[in-house]
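What follows draws every value from the coordinates through simple rules; no lab data is involved. The structure displayed is predicted, hence computed values, not measured ones. Every residue, glycine as well, gets a Cβ built from its backbone with ideal geometry; the counts of neighbours run over all protein chains shown.
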Amino acid sequence: MRIHTRLGLLLAGLALVATSHAADDPLEKAIKARQGEMQLRSFNAGPLFGMAKGQIDYDAELASKLAGNLKLLLDLDNGRAWAAGSHNEAYPGKTTALPKIWETYPEITDYGKNYAKAVNELAAVAGKGQDALKSKIGDLGKSCKACHDDFREKK
Ligand code: HEC
């Protein structure tokens, strides 16, 4: 019984060490940070797509705020979150980022520039009516998709 308890404690201790190692891995932190930024993009872009499609009512104030948030995020210098070696071959199941991002660098920055252009153009008109929003939302969606198509693992 006592031996079992000790063994149990030892195993629990080892599990803790293993978990804290994973949590301390700077590359895993980087992966989480860039996924967090992507989640923020998605959280803010979602209702904009919904309004453009008429799935939710157009709200000028909200549209302009959300597009403004996407614009604010462009100023975030999150380059550290794209640390070399943090691709899906090294971290399977934790990231969908393809090694191609680093192998073809700086190709991905062109996709980033297209995205930034789409965000800036959208933010300029998002609060000016559903038609104005619609006129720019397509380019935003295309810029997200283009980068995902070329630099993310397919599901
Ligand atoms: C320049 C390239 C690029 C652009 C532009 C881009 N993404 Fe991503 N996105 C990625 C990559 C690469 C990943 C994979 C990140 C990872 O798993 O480490 C990703 C992952 C995601 C994820 C999954 C995050 C997670 O928790 O696993 C979401 C959601 C997402 N992107 C939304 C968007 C939206 C919405 C847009 C446009 C408004 C966008 N992205 C624009 C490259 C891009």
Summing -39500 (n - 2.57) over every DSSP H run of at least 4 in the chain, dividing by its residue total and rounding to the nearest 500, the 222 nm mean residue ellipticity is -24500 deg cm²/dmol
Of 149-155, 132-138, ordering from highest average Cβ density within 10 Å down gives 132-138, 149-155
Check: C-alpha center the stretch 82-140 vs C-alpha center the stretch 21-77, spacing in Å is 11
Cross-link reach list, lysines versus residue 53, counting only Cα pairs under 29 Å and skipping chain neighbours closer than eight places: 65, 71, 113, 117, 128, 134, 136, 142, 145, 154, 155
Looking at the square roots a ≥ b ≥ c of the eigenvalues of the Cα gyration tensor of the stretch 25-151, which shape do they give, rounded for a/c under 1.5, prolate if a/b is larger than b/c, or oblate? prolate
